[in-house]
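Notes follow the structure.
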Amino acid sequence: MSQLSLFQQPRASFSVSEINAYIRDLMESDSTLQELWVQGEISNLGRPASGHLYFTIKDAQASLRCVMWRSQAANLVYRPQNGDQVEVHGSISVYEAGGQYQLYADQIRPAGEGLLFQEYLRLKDKLEKEGLFAPERKRRIPARPGVIGIVTSLTGAALRDMLNTLQRRFPLVRVVLSPALVQGEAAPKEIKAAIERLNQYVQPDVILVGRGGGSIEDLWAFNDEGVARAVAASAAPVICGVGHETDFTIADFVADLRAPTPTAAAELATPDQAELRLDLEDLKNSLAQLMAERIQNLRWQLQTAAFELSRRSPVARLQSDRQRIDDLSRRAALALGNHARLQRIRLRGIAQQLEALNPQAVLNRGYALVTGPGGKLVKQVGDVSAGDMLRVRVSDGNIDAEVLP
Amino acid sequence: MAKETPIYELNYEQALEELEKLVLELEGGERSLEDSMGIFERGQQLAERCTALLDQADLKVQQLTGKGDLEDFQI
């Protein structure tokens, strides 16, 4: 039987909610639909009080409904208008209540930027892979440059800002301008040549490459590969200050230092003279303090030396010598005294011995001592002849006598 | 002390460099009192020189021509 039976269903029917939710799930599980850029012309732009943005983008054959919630719409720098060619970024899903699929947008930008942006990303990626952005390539900016090279347009506000900043902060520096167009077709070539000329003829301590704010097209010269390579090849370190805080150019990535603005670049290149003056005060104070300490130390040394001197003065030495002499003399006297006593004892012994031998003592005992002519001692009879005159010595005197015949 | 360049011939960088060196030397404390007095006085003069240079400084701006010549640039 081929007739469709209303009462014979292969499965239960879906509710509208169910099928819309099903389609929504389907879309939201598709990675292509979840993150994409869509290009088209804006129409039916509505800005209700809620702050959300409702519009349609279309090309010749088709249209796509879009919504951007207030939170994202508030952040838009670019203000879209009906008729604008734009690129819209977001995800596609289903508005279940209306049964419509639409693009939930989180970014809108004027068309054309997309191509530039892709070129930017491609070059950024390439140079990054070459290592041109590597932190270890970044050179130190000297603390107090003697010569600063500036690459910018002679007519731009950037130059005035940079010179004013340098004059205010560090007027001791010599500035060498190497002029270059900073926007337009010739700009990349001129910027590159200006950097190279500075390195060739001046060899500045640092080079500032700057340009004031502008549209992305205005700043495009600083996304040029030739400029990027000239910055990388510069012998002098380069500070890049292009556009505003939020603009990041390729030259910024390659530069040794990125400054958010030209003024900031001039600030990063120089010390502030107010700080220099404080440093000078510090140095002067250090000198004075060191000198005061030095003198205080010397004073201490002097006091110590004076004390040492008094301790070792000749007066003290003399006193001590005198004491020593006293001491020695006492000992000498003592020693001499002892010696004399010994001598006296010995003498007494010798005297007694001598006494025993004294002829007088013999004479005292009644003996006589007879001497002949010439005082010769008479010991034998033969010592004398008749008529010789003899002297007989007895204990108390002499008796002269004659030898009888 | 070694032969000294007259203070007025020194540029900022030279004066500052010598000043910093003199402070270090005084810190070392190995010089005689007489030398130290000399260092102290010269250091004071160097500091004055730096300050005077800052006071008098007027930004010198030149323009580099395509041929590599330098010309004065009026701000």
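The values are calculated or read from the model by the stated rules, or taken from the named source; none is laboratory data. Note that this is a predicted model, so its numbers are computed, not measured. Quick reminder, even Gly has a Cβ in these numbers, built from the backbone with ideal geometry, and neighbours come from all protein chains shown. Please note that ligands, DNA and RNA were not included when accessible areas were found on the heavy atoms of the full protein model with its side chains. Shrake-Rupley method; radii C 1.70, N 1.55, O 1.52, S 1.80 Å.
Place the peptides B:53-64, A:100-111, A:39-50 in order of packing, highest mean first, counting for every residue the other Cβ atoms within 10 Å and averaging per peptide.
Values: B:53-64: 15.5, A:100-111: 17.2, A:39-50: 13.2.
My ranking of the peptides, most packed first, is A:100-111, B:53-64, A:39-50.
For the protein assembly as shown, the tally of Lys pairs with Cα-Cα distances below 27 Å comes to 17, considering only residues 8 or more apart or on different chains. Most tightly packed first, judged by the mean number of other beta-carbon atoms within 10 Å of their residues, the peptides A:187-199, A:374-386, A:264-276, A:19-31 read A:187-199, A:264-276, A:19-31, A:374-386. The ellipsoid equivalent to the alpha-carbon distribution of segment A:160-296 has semi-axes of 37, 15, 12 angstrom, derived from the gyration tensor eigenvalues as √(5λ) and listed largest first.
Each other residue within a Cβ distance under 11 Å of residue A:305 adds +1 if Lys or Arg and -1 if Asp or Glu, for a net charge of +2. Buried between A and B is an accessible area of approximately 3300 Å², summed over both sides with a 1.4 Å probe.
How much length, in nm to one decimal, is gained on full extension between residue A:29 and residue A:138, taken as 0.36 nm per residue of separation minus their Cα-Cα distance? Write out the running numbers ahead of the final one.
Details: separation 109, 0.36 × 109 = 39.24 nm, distance 4.41 nm.
Stretched fully, the residue A:29-residue A:138 segment lengthens by 34.8 nm.
Once the 1.4 Å probe is applied to the protein heavy atoms, chain B comes out at 62 Å² accessible per residue. The figure for residue A:220 is an accessible area of roughly 50 square angstrom, using a 1.4 Å probe on the protein chains alone.
Dipole of segment A:82-218, Cα-centred, from +1 at each Lys and Arg C-beta and -1 at each Asp and Glu C-beta, to the nearest 20 debye? Mind dumping the intermediate values first?
Values: 18 positive and 17 negative charges, 237 e Å.
It comes to approximately 1140 debye.
Positive-end ranking of A:339, A:214, A:16 along the dipole of the protein assembly as shown, with charges on Cβ about the Cα centre, is headed by A:339. Each peptide in A:158-169, A:233-244 was scored by the mean count of other Cβ atoms within 10 Å over its residues; highest first, the order is A:233-244, A:158-169. Between the residues A:354, A:367, A:49, the greatest Cα displacement towards the positive end of the dipole of the protein assembly as shown, with unit charges on the Cβ of Lys, Arg, Asp and Glu, is found for A:367. Per residue, the average separation of C-alpha pairs within less than 8 Å and at least 6 apart gives chain A a relative contact order of 9 percent. Contact residues in segment A:253-281 (at least 40 Å² less accessible area with all protein chains than alone, 1.4 Å probe): A:277, A:280.
Taking 10 °C and 1.306 mPa s as conditions, the protein assembly as shown diffuses translationally at an estimated 46 µm²/s according to Stokes-Einstein applied to its Kirkwood radius (Cα pairs). Considering only alpha-carbon pairs that sit under 8 angstrom and 6 or more positions apart, the relative contact order computed for segment A:181-243 is 46 percent. Pairs of Cα atoms nearer than 8 Å and 6+ residues apart set the relative contact order; for chain B it is 30 percent.
For the peptide A:145-156, the mean number of other protein chain Cβ atoms found within 10 angstrom of a residue's Cβ is 1.
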